[in-house]
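Shown next, in structure tokens, is the structure this report addresses.
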């Protein structure tokens with residue numbers, strides 16, 4: 001949480017964090033500055049333990065800057081345009097402005113730099129900053145970054161925000177089941193009063209639900225059938241008509257409009273009767289979810305849950321990424337990730353053996369095992385979001401049916 | 001255009017461009033890889049003049065990777081997880097993987113690094129890359145970057161895409177005029193059959209139009225009235241009821257869903273009669289647009305149009321940012337910017353005297369002067385998008401009425 005930033009800086013021996021906001025949204029800047037951050041498109045935030053944060057901003061954005069409650073100064077007051085004229089390039093000018101601001105705020109010693117933008121230009125900006133502000137040192141962040149760690153435990157208002165998004169996801173799946181269940185099979189293909197029911201049609205239905213709930217889908221979504229469902233990040237083909245018996249992987253990850261909180265949930269559905277093989281895969285993936293959720297604690301390293309899911313899948317004859325990172329079928333990804341202001345945050349439930357992430361009290365994270373056999377038109381993933389309550393108990397935030405089969409209408 | 005990348009690399013003496021794709025969208029990666037890029041969330045693209053581009057991607061995203069037409073290899077085939085295990089941190093592992101890929105592709109000499117992501121971590125990645133791949137050198141880009149320059153001239157299909165978005169913007173303004181014109185004044189406030197007409201209501205109407213046109217608003221929009229209209233980046237207050245005689249600045253900048261092309265247009269409206277002062281400001285800003293658009297050539301440095309607008313405004317008694325970068329009222333921003341896969345691209349019509357941008361044949365850019373007096377509840381901005389045709393002539397792409405006053409309904 002935000003209140004932890006100061007102690008984390010002190011603990012790591014850092015004198016400040018330099019948080020940069022350019023046109024590319026910076027979720028950590030949003031975390032620190034609040035919702036007003038959405039309307040700030042250029043800023044330098046200097047965060048020092050025990051001091052009021054200092055924000056350098058543009059005159060054009062002075063209302064949003066004032067809403068942050070930070071100590072403020074304007075680019076103009078620092079003579080930024082004059083610096084630009086003198087230095088001739090933005091890289092040199094930005095480095096000199098950063099050096100000037102850090103100097104005026106008397107920042108010395110190791111600092112953390114955290115911003116989102118073009119990494120090539122910023123590499124040269126930071127090299128020059130190091131040269132022009134020799135009193136500071138650009139520290140290397142730990143694998144679990146300082147802000148990753150601060151953002152690991154969500155506050156009650158953050159959890160409420162995520163719960164709202166979860167509710168809209170529930171509506172989206174209900175609508176999908178309604179459309180699938182309202183169609184009739186002609187041969188093996190699904191049709192209703194609007195015509196053939198396609199992947200594109202389902203995507204539009206989801207979009208409508210999210211529009212009404214004031215959610216956006218900046219990363220899109222996945223609605224993929226059959227062979228495509230067997231490639232985890234294949235988003236599906238809008239032209240495909242829904243076909244009896246094929247798995248449809250539906251992975252939704254909308255966010256509150258204006259840069260708020262994400263949810264992330266997956267269900268695998270099938271119109272009509274599923275084959276024995278598909279049912280078995282679905283049951284096994286469901287078992288992996290249940291076993292994981294039932295065994296959660298804040299004590300175990302988060303990557304161990306991935307190990308246990310690999311154990312289960314391997315015992316049942318499936319290949320896993322743990323055995324061979326080059327596999328194309330079987331279980332080929334990690335078990336889960338934190339969610340919040342980004343769709344992928346910490347903790348990671350998987351990763352290399354150096355991953356020391358733990359689920360913290362207050363963490364919100366996904367559990368999403370899957371099994372993929374594109375060569376047999378099969379793919380199954382189930383993804384729930386779990387909340388680690390501050391008291392150490394766990395709550396599954398995903399109130400959406402798991403049921404695989406959706407019966408179409410009968411004549 | 002994409003076909004210019006090779007010659008630009010050769011011209012600048014660069015042996016390759018290393019284009020990185022992480023979870024933060026990279027518009028240049030989209031430019032090079034095409035629409036399939038939207039579904040690739042982690043990739044390394046090595047672009048060498050005269051050679052087939054090489055893409056390192058994840059197995060999960062092999063379908064999208066294949067759609068790019070590039071030469072492919074998977075992270076797994078490079079042993080990325082093994083590297084992660086050995087190196088212990090993502091920064092070290094990423095640097096080693098980059099060094100390995102560049103080595104295998106026999107890249108030597110100065111290269112350009114271009115990616116969007118967290119700049120602090122990537123600073124350390126690139127420092128380590130320099131150490132581990134001593135045969136390469138990380139070149140500093142010019143002010144007008146290599147990809148800025150390649151993207152400066154749009155191809156016909158890019159212009160068509162922007163034209164489609166322009167059409168939807170026209171519909172959004174028509175809908176706003178319809179709503180404002182359909183309301184009746186009660187005292188000075190506007191009301192219709194749905195209740196008081198608020199800024200939030202107008203924003204919802206815009207959102208509906210864009211939803212139907214499959215557009216998104218990743219950076220939101222500005223619908224700001226009175227004093228708020230006087231702060232260029234104040235997005236406006238949803239709760240405000242539309243009030244007779246106050247200027248409403250409406251700045252829309254939607255993009256095609258899934259990471260396509262932007263449009264960007266501003267009109268200033270007023271319900272009922274505008275004051276003489278507001279009318280005068282509006283006429284002057286309009287004059288600045290007309291004079292600029294009428295004088296455009298691809299010969300003049302783009303910053304000179306800003307100088308001419310400053311001349312005009314200063315002659316009429318307004319302060320400008322050219323005179324004093326600390327001013328809060330008057331003309332306090334630049335004249336315009338390119339649009340395309342980003343809302344702000346090159347050329348810049350403004351900036352420091354070192355800005356050597358020129359409008360190129362094929363450029364798409366905004367012309368958007370404004371005058372701001374928040375202390376008098378006044379703000380006016382007008383923004384059009386102009387296309388520099390390949391033959392050297394110019395086309396205003398913005399077919400949206402400029403008219404300031406909207407008459408409310410009468411009893």
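Just so you know, all these numbers are worked out from the coordinates, no wet-lab data involved. These figures come from a predicted structure and were not determined experimentally. Every residue, glycine as well, gets a Cβ built from its backbone with ideal geometry; the counts of neighbours run over all protein chains shown.
Quick look at the numbers
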item	result
Shielding score for A:20-27, defined as the mean number of other chain Cβ atoms within 10 Å	3
Between region A:152-176 and region A:100-139, the alpha-carbon center distance in angstrom	38
49 Å tail of the calculated P(r), the protein assembly as shown, as % of Cα pairs	19
DSSP beta bridge pairing in region A:2-150, given as percent antiparallel to the nearest 5	45
Rounded tilt (10° steps) of B:119-132 against the dominant C-alpha axis of chain B	20
Mean Cβ neighbour count within 10 Å, used as a protection proxy, ranking A:45-51, B:156-162 highest first	A:45-51, B:156-162
Shape category assigned to region B:355-411 from the gyration tensor of Cα positions, a/c cut at 1.5	oblate
Over region B:1-50: Kirkwood hydrodynamic radius from C-alpha pairwise inverse distances, Å	11.4
Helix A:303-315 axis, angle to chain A major axis (alpha carbon atoms, nearest 10°)	20
Region A:22-95-region B:1-34 distance, computed between alpha-carbon centres (Å)	29
Other copies of residue A:195: label-to-label distances in nm, shortest first, labels 7 Å along the beta-carbon direction	3.8
Mean separation of Cα contacts under 8 Å (6+ apart) over length of chain B, as relative contact order %	15
Mean Cβ neighbour count within 10 Å, used as a protection proxy, ranking A:327-333, B:65-71 highest first	A:327-333, B:65-71
Within region B:54-73: backbone nitrogen closer than 18 Å to the residue A:239 label point (7 Å, Cα to C-beta)	B:63-64, B:66-69
Label-point separation in nm, residue A:178 to residue A:67, each point 7 Å along Cα→Cβ	3.3
From the C-alpha gyration tensor of chain A, square roots of 5λ in Å	45, 24, 19
Mean separation of Cα contacts under 8 Å, 6 or more apart, over the residue count of region B:235-294: relative contact order %	31
Shielding score for A:80-90, defined as the mean number of other chain Cβ atoms within 10 Å	4
Gyration tensor (alpha-carbon) shape descriptor, region A:212-369, a/c threshold 1.5	oblate
Cα gyration tensor, region B:302-411 - rounded (a/c under 1.5), prolate or oblate	oblate
Order of B:251, A:294 under a 10 Å beta carbon neighbour criterion, fewest first	A:294, B:251
Residue of A:397, A:60, A:225 that the Gaussian network model of chain A assigns the largest fluctuation, springs spanning Cα pairs under 10 Å	A:60
Inter-copy separations for residue A:393, label at 7 Å along Cα-Cβ, nm, ascending	7.5
Taking the convex hull of Cα positions in region A:2-150, its mean projected area over all directions (nm²)	8.1
Mean ellipticity per residue at 222 nm, deg cm²/dmol - from DSSP H runs of n ≥ 4 across the protein assembly as shown, formula -39500 (n - 2.57)	-10500 deg cm²/dmol
Separation of alpha-carbon centers, region B:336-365 and region A:325-360, rounded to whole Å	41
7 Å along Cα→Cβ, label-point gaps from residue B:181 to other copies, nm, shortest first	4.6
Mean separation of Cα contacts under 8 Å (6+ apart) over length of region B:313-366, as relative contact order %	26
Peptide B:209-220 - average C-beta neighbours from other chains (10 Å radius)	3
Exposure proxy order (Cβ contacts within 10 Å, fewest to most) of A:193, B:295	A:193, B:295
Debye equation applied to the C-alpha atoms of region A:113-193, log10 I(q)/I(0) at 0.13, 0.14, 0.25 Å⁻¹	-0.72, -0.76, -1.16
Full-stretch length increase - residue B:316, residue B:11 - with 0.36 nm per residue and alpha-carbon distance subtracted	105.3 nm
Cα long-axis angle, helix A:90-104 against chain A (0 to 90 degrees, to the nearest 10)	60
